[in-house]
């Protein structure tokens with residue numbers, strides 16, 4: 001049976017912030033999520049009441065040829081265990097979708113000013129919503145140690161301590 005396919009259109013575009021993706025140092029990166037003109041500005045009414053957003057975006061700088069399906073060590077570090085495609089949270093996924101939870105700083109018409117959005121200038125946003133605490137994971141959260149080690153510099157502001 002073939003996989004289902006469907007069309008997804010972007011609703012907004014990331015403006016500003018970083019020009020190129022990097023593995024670390026995304027802390028305090030400021031950018032704008034600019035809602036496309038075909039969506040009325042009223043579709044954002046009330047969003048300013050929330051501190052954080054849930055943003056689904058497309059890794060548009062990654063080609064199909066760069067996808068990795070299978071097993072590999074995170075960031076190709078042999079000290080970390082080989083794990084499957086759906087254990088990695090990187091841009092080389094089959095649909096090249098990313099998920100982020102940036103802080104909403106202010107709303108200016110169609111522009112949502114955010115910080116800590118790990119998407120680059122020009123990134124298509126396919127969906128956004130306010131973050132509801134009630135949708136946070138329920139119960140105890142567990143994970144192996146390698147993600148904590150791998151991401152220790154992810155939200156730092158620069159390579160200097």
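All of the numbers you see were taken from the coordinates with simple rules; none came from a lab. Computed from a predicted structure; not experimentally measured. Please note: Cβ atoms are built from the backbone with ideal geometry, for glycine as well, and neighbour counts cover all protein chains shown.
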### Task
Calculate the radius of gyration of the Cα atoms of the range 69-161 to one decimal place, then report Dmax, the largest Cα-Cα distance, as a whole number, both in Å.
16.0, 47
### Query
Using 7 Å Cα-to-Cβ label points, what is the residue 140/residue 115 separation (nm, one decimal)?
3.4 nm
### Query
Across the Cα atoms of the chain, what radius of gyration and what greatest pairwise Cα-Cα distance (Dmax) are found, in Å?
16.9, 51
### Fewest-first sequence of 154, 39 by Cβ atoms within 10 Å of each Cβ
39, 154
### Message
Quick check on the exposure proxy: order 111, 121, 4 from fewest to most C-beta atoms within 10 angstrom.
### Response
4, 121, 111
### Query
Of 60, 52, 113, which has the largest mean-square fluctuation in a 10 Å C-alpha GNM of the chain?
60
### Task
Taking the Cβ of each residue in 117, 61 as the centre, tally the other Cβ atoms inside 10 Å and list the residues starting with the fewest.
61, 117
### Query
What is the spin-label model distance, in nm, from residue 151 to residue 54 if the labels are put 7 Å beyond Cα along the C-beta direction?
1.6 nm
